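So the structure is just underneath, and the comments pick up after that.
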Amino acid sequence: MSKIKAANIGMKFGMCHVEGAMSYGAEIAAICDCNEENLRFAGERYNIPEEKRITDYRDIIGNDEIDVVTVAIPDQQHVKVSCDLLRAGKHVLCEKPLALTREDIEEMVKVADESDAKFMVGQICRFTPAFEKAKEIIDSGTIGELYFVESEYAHDYMKLCDEWRADPKRHGVIGGGCHAVDLLRWLAGDPQEVFAYGTHKLLPMVEYDDATIAVMKFGENFAGKVFVSTGCKRDYTMRTVIYGTKGTIICDNTSPTMTLFTVDEEGVTKEPQTIEVEVNNHNAAREFEVFADAIVNDKPVLTDAREGAKTVAVCLAIVESSTTGKPVKPDYTF
């Protein structure tokens, strides 16, 4: 393949994807947004000529020169737009979550399977430097066998909660908490069962719980927890703690350091190590680089439609459990 020609849909949330494609060296063949002011702002910021600024994504479908399309639009629109692009043979990088309902994630997996193009869901935590380092430490065996993992998605939506975020289908666990769920799936594997409680005290404009805590069973002697609060009164964070039989990792996505505890030969905890990491909690450049490598070298996409679907399946199980008061086993059959 010659130089990749990329198009980017959604200029309110997708400008980082324009930058990611540009950092890779891709040619920006088109930017698209139905809001002309967003389109103008992005076009001027990245020196993209007016003839490459479009308001209808279907113009991308009809452009045979475009190879890769990033989709950064409201979650409710992911299915229609991504499936149309895949059926047209475009490689698609779609923002998280993959979709909001069981029916829609099944449709996305089906269309991705039938397409000759590559599909990637933007589970960005897998490209966050601190979390990448945590994964490296876990895989090295430094902290031994995992027995408990926890992560949180703490983000105050009070000034962010517009119409599409307030949609009852976009429960906070699915729309935002999918970050923490996917991170634990990546670090620890697929939870076998979840049990959740929810509360609603902070966001009067939404119908769904604005705080949810979910306990997860990963296997025998291995548990986890996810806390999601979309109305919390604090700075945004995804504080994550990974407990192993020989050590512990404490990290997040907004701090320049992470902490590693290990043990000596007698199993006694040593003084903690402070590890410096880059702060980059939306590493779109690395994300696009990995996707482009999969396209150019015909490699598997690690965060493909099924991976995205599994994460949503866990989120749906959490919402069901918090509603019914019963434990739920996520359905990973797609």
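The values are calculated or read from the model by the stated rules, or taken from the named source; none is laboratory data. The model shown is predicted, which means the values in this text are computed figures rather than measured ones. All Cβ positions, glycine included, derive from the backbone under ideal geometry; neighbour counts span all protein chains shown. Heads up: the accessible areas ignore ligands, DNA and RNA and are worked out on the full protein's heavy atoms, side chains in. Shrake-Rupley method; radii C 1.70, N 1.55, O 1.52, S 1.80 Å.
A few comments on the model shown:
- Taking the charge dipole of segment 146-276 about its Cα centre, with +1 at Lys and Arg Cβ atoms and -1 at Asp and Glu Cβ atoms, the residue from 222, 267, 175 reaching farthest to the positive side is 175.
- With 0.36 nm allotted per residue and the present C-alpha distance subtracted, the residue 197-residue 302 stretch has 34.7 nm of extension available.
- Contour minus Cα-Cα distance for residue 76 and residue 36 (0.36 nm per residue): 12.4 nm
- Secondary-structure-derived ellipticity at 222 nm for the chain, considering helices only, amounts to -10000 deg cm²/dmol, per-run term -39500 (n - 2.57) for DSSP H runs with n ≥ 4.
- Accessible carbon and sulfur surface of the chain relative to its total accessible area, %, 1.4 Å: 47 percent
- Residues whose amide H comes within less than 5 Å of that of residue 237, counting only those at least five positions distant or on another chain, are 154 (H built at 1.01 Å from N in the peptide plane).
- Between segment 271-323 and segment 1-34, the alpha-carbon centres lie 19 Å apart.
- Using the average count of surrounding beta-carbon atoms within 10 Å as a protection proxy, the listed peptides 223-229, 10-16 rank, highest first, as 223-229, 10-16.
- Relative contact order (percent, whole number), the chain, Cα cutoff 8 Å, 6+ residue spacing: 20 percent
- Span from the segment 76-97 Cα centroid across to the segment 115-137 one, whole angstrom: 18 Å
- Between the helical axis of 305-324 and the longest alpha-carbon principal axis of the chain there is an angle of about 60 degrees.
- For peptides 132-139, 283-290, sequence by mean Cβ density within 10 Å, most packed first: 283-290, 132-139
- In degrees, nearest ten, helix 36-45 long axis to first principal axis of the chain (Cα): 80 degrees
- Between residue 65 and residue 52, residue separation times 0.36 nm minus the direct Cα-Cα distance comes to 3.4 nm.
- Residue 139 paired with residue 323, simple spin-label distance in nm, labels 7 Å along Cα-to-beta-carbon: 3.7 nm
- Residues in the chain average 46 Å² of solvent-accessible surface per residue, probe 1.4 Å, ligands and nucleic acids excluded.
- Mean separation of Cα contacts under 8 Å, 6 or more apart, over the residue count of segment 171-329: relative contact order %: 26 percent
- Antiparallel DSSP beta bridges within the chain, percent to nearest 5: 60 percent
- With Cα atoms, 0 to 90° folded angle of helix 78-87 axis to the chain main axis: 60 degrees
- Karplus-based coupling profile of segment 252-260, in residue order and whole Hz: 8, 9, 10, 10, x, 9, 9, 10, 10, with θ = phi - 60° in 6.51 cos²θ - 1.76 cosθ + 1.60 and x standing for Gly or Pro.
- The modelled label-to-label distance for the pair residue 23/residue 3, using points 7 Å beyond Cα in the direction of Cβ, is 2.0 nm.
- For the pair segment 45-59 / segment 218-233, the C-alpha centres are spaced 41 Å from each other.
- DSSP-assigned coil residues among GluC sites (Glu not before Pro) in segment 50-94, each with at most 11 further Cβ atoms within 10 Å: 65
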